[in-house]
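The values are calculated or read from the model by the stated rules, or taken from the named source; none is laboratory data. In this text the structure is predicted, and so the values were computed from the model without any measurement. Here the Cβ is made from the backbone with ideal geometry for all residues, glycine too, and neighbour counts use every protein chain on show.
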Amino acid sequence: MANQKYDYLIVGSGLFGATFAHLAHKQGKKCLVIDKRSHLGGNIYCENIEGINVHKYGAHIFHTSNKKVWEFVNSIVEFNRYTNSPVANYKGKLYNLPFNMNTFYQMWGVTTPEEAQAKIDEQKRAYNEELKIKNEELGLTNEPHNLEEQAMLLVGKDIYERLIKGYTEKQWGRKCTELPAFIIKRLPVRLVFDNNYFNEKYQGIPVGGYNKLIDGLLEGIETKTDVDFFADSFETVSVDTIRLKDEWQKIADKLVFTGKIDEFYDYQFGKLNYRTVRFETEVIDKPNSQGNAVVNYTEREVPYTRVIEHKHFEMFGQEVYDNPKTVISKEYSTEWKDGMEPYYPVNDDANSQLYAKYKALADKEEKVIFGGRLAEYKYYDMAPIIEKVLEKYNK
Ligand code: FAD
Ligand code: UDP
């Protein structure tokens, strides 16, 4: 191995690692990408079950307004016309999301934007009065102090109680009165009949699934799965067996690390916390189970937050019925413990301060690039990850 040193050893084959490797490879750099999982692609990896691409680590919908990012991903794989239009199920009644004229019609029977606005204003006004009195009694400033107050001021009682409260409490494992207001600062309220969840200009799913995107990005690049950067030994092609964490410089000039930053530094300041999701996936012996890719269950009593029916991301019209089976995943949001997949960083003060300590160490590294959601301890959608790597390379 010593005689064929890599320019980059890239730890993690998720979207950050794979995009980085792709651009470096195009510039003639020699890369080795390793991943501790038995497959490439990180969290966008799909498993094919009954001819359906199942989003193994949670439903992923690509969306962006950045033309460069959109053109870049489309240069790797074509994207389909999937438009995310989740439906909320509250006690058996269905409501369209995001909150728009369809939702207001289903909620109140109002048919014009004026009527809908009047209804929302009436509810907001009523709550504003209530909050003012409460804050005065408690000697607090007249502003929302938690997520419940923020949501009630933005959309009023009916929408909050039916479509926000239960879902949010399940997702975060805490009461809305104990959650910070900022989580829900931007709740879009649309006075048009538009069920498109995203405001971005472009969205879709790769034709043939996300694995095509990963395979395209990593084409021509050496990859090794089932290799943990922190494991005791790494079998190189030569006679040497090395511990990558301590001796990676023997095989590469630079390291791109997309794993957990606290693990990189041996948890010396303590462990960062995460929220995670448990998936219960089942094959159903019929072609169409819920008629939509995403159905949110917004009442507290249903233990899961949402049900994903994977075929609807990639099959439309008759295609849905051409496959006699379907696959659904129920999502349960839970607190993260060692051994579980770390999904969402917890952006509270304690974790932010802890991350800042690790970041200070990372900033001093000259040969290590930290990137992606685990190394930067930041929730990133897919497009911003690509945007970041592209920026780095086009500088
Ligand atoms: P990852 O995909 O996590 O890749 C990191 C890789 O590093 C993993 O493969 C891991 O196995 C590997 N690794 C870690 N430690 C080691 C080690 N010690 N040795 C070797 N390998 C290691 N974004 C959207 O745009 N739209 C969505 O709809 C969307 N839905 C999401 C739903 C969920 C449930 C989650 C969690 C995320 C969602 N995202 C979505 C965000 C998207 O998943 C991320 O933007 C993207 O996966 C980040 O890529 P990454 O490379 O930073 O991380
Ligand atoms: N949310 C909600 N009801 C829903 C969907 C979302 O109250 O049916 C709230 C919830 O608080 C959630 C936030 O909106 O945390 C953002 O949800 P979204 O699905 O847009 O983002 P993600 O969970 O993917 O980060």
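Examine the stretch 164-174 for a residue that is assigned to a loop (DSSP other than H, G, I, E, B), among the small types (G, A, S), in contact (Cβ under 8 Å) with a residue 40 or more places away in the chain and surrounded by fewer than 22 Cβ atoms within 10 Å (Cβ to Cβ), and state whether such a residue exists. The answer is yes, given that some residue of the stretch 164-174 is assigned to a loop (DSSP other than H, G, I, E, B), among the small types (G, A, S), in contact (Cβ under 8 Å) with a residue 40 or more places away in the chain and surrounded by fewer than 22 Cβ atoms within 10 Å (Cβ to Cβ).
Only a single item in (1) surrounded by fewer than 20 Cβ atoms within 10 Å (Cβ to Cβ); (2) more than 16 Å from ligand 2 (Cβ to nearest atom); (3) under 19 Å from F264 (Cα atoms) is not met by V320, and it is number (3). Scanning the stretch 347-377 for residues that are outside any helix (DSSP H, G or I), out of contact with any Leu (no Cβ under 8 Å at 6 or more places or on another chain) and either hydrophobic (A, V, I, L, M, F, W, C) or at pLDDT below 95 (or both) yields N347, D348, F370, L374, A375.
Pairs are defined by a Cβ separation below 9 Å, a sequence spacing of at least 6 or placement on different chains, a first member in the stretch 190-209 that is within 13 Å of V77 (Cα to Cα), and a second member that is within 16 Å of ligand 1 (Cβ to nearest atom) and of a type in the set (S, T, Y); the pairs so defined are G204/Y82; G204/T83; I205/Y82. Any residue that is of a type in the set (G, A, S) and in contact with a helix residue (DSSP H, G or I) (Cβ under 8 Å, 6 or more places away or on another chain) - is there at least one of those in the stretch 100-116? There is at least one residue in the stretch 100-116 that is of a type in the set (G, A, S) and in contact with a helix residue (DSSP H, G or I) (Cβ under 8 Å, 6 or more places away or on another chain). If I go through the stretch 109-132 residue by residue, how many of them are among the hydrophobic types (A, V, I, L, M, F, W, C) and surrounded by fewer than 16 Cβ atoms within 10 Å (Cβ to Cβ)? Total satisfying the criteria: 2.
Listed here are the strands (runs of 3 or more DSSP E) enclosed by the stretch 1-120 that have at least 3 residues being over 28 Å from S289 (Cα atoms): 6-11, 31-34. I want to confirm something. Restricting to the stretch 211-264 and keeping residues that are among the aromatic types (F, W, Y) and modelled with pLDDT under 95, which single residue is farthest from G371 (Cα to Cα)? Among residues in the stretch 211-264 that are among the aromatic types (F, W, Y) and modelled with pLDDT under 95, the one farthest from G371 (Cα to Cα) is F234. Put simply, of Y127, Y160 the only residue that is within 24 Å of the chain's Cα centre (by Cα) and closer than 30 Å to P303 by Cβ is Y160. Of the candidates I164, I133, I159, I183, the single residue that is β-branched (V, I, T) and out of contact with any helix residue (DSSP H, G or I) (no Cβ under 8 Å at 6 or more places or on another chain) is I133. Considering only residues of the stretch 24-46 that are more than 14 Å from ligand 1 (Cβ to nearest atom) and surrounded by fewer than 20 Cβ atoms within 10 Å (Cβ to Cβ), which is nearest to the chain's Cα centre (by Cα)? Among those that are more than 14 Å from ligand 1 (Cβ to nearest atom) and surrounded by fewer than 20 Cβ atoms within 10 Å (Cβ to Cβ), it is K26. Against the list (1) assigned to a helix (DSSP H, G or I); (2) in contact with a helix residue (DSSP H, G or I) (Cβ under 9 Å, 6 or more places away or on another chain), the condition W248 fails is (2). Does any residue of the stretch 248-269 turn out to be of a type outside the set (S, T, N, Q), more than 16 Å from ligand 2 (Cβ to nearest atom), farther than 27 Å from L40 by Cβ and touching a residue at least 40 places away in the same chain (Cβ under 8 Å)? Yes, some residue in the stretch 248-269 is of a type outside the set (S, T, N, Q), more than 16 Å from ligand 2 (Cβ to nearest atom), farther than 27 Å from L40 by Cβ and touching a residue at least 40 places away in the same chain (Cβ under 8 Å). The single condition from (1) within 13 Å of ligand 2 (Cβ to nearest atom); (2) touching a His at 6+ places or on another chain (Cβ under 9 Å) that Y167 fails is (2).
Close Cβ contacts (under 9 Å, 6 or more residues apart or on different chains) running from residues in the stretch 52-77 that are without any contact (Cβ under 8 Å) to a residue 24 or more places away in the chain to residues that are assigned to a helix (DSSP H, G or I) comprise S75/G216. Set side by side, the residues A59, A21 differ, and just one is under 30 Å from V227 (Cα atoms), in contact with a Cys (Cβ under 7 Å, 6 or more places away or on another chain), within 13 Å of ligand 1 (Cβ to nearest atom) and not charged (D, E, K, R), which is A21.
Among the residues here, V54 qualifies as closer than 28 Å to K201 by Cα, within 18 Å of the chain's Cα centre (by Cα) and buried (at least 17 other Cβ atoms within 10 Å of the Cβ). Pairs linking a residue in the stretch 371-395 that is among the basic types (K, R) to a residue that is within 16 Å of ligand 2 (Cβ to nearest atom), with Cβ atoms under 6 Å and 6 or more positions apart or on different chains, are R373/Y380. Scanning the stretch 178-203 for residues that are touching an Asp or Glu at 6+ places or on another chain (Cβ under 9 Å), farther than 20 Å from F104 by Cβ and modelled with pLDDT of 95 or more returns no hits.
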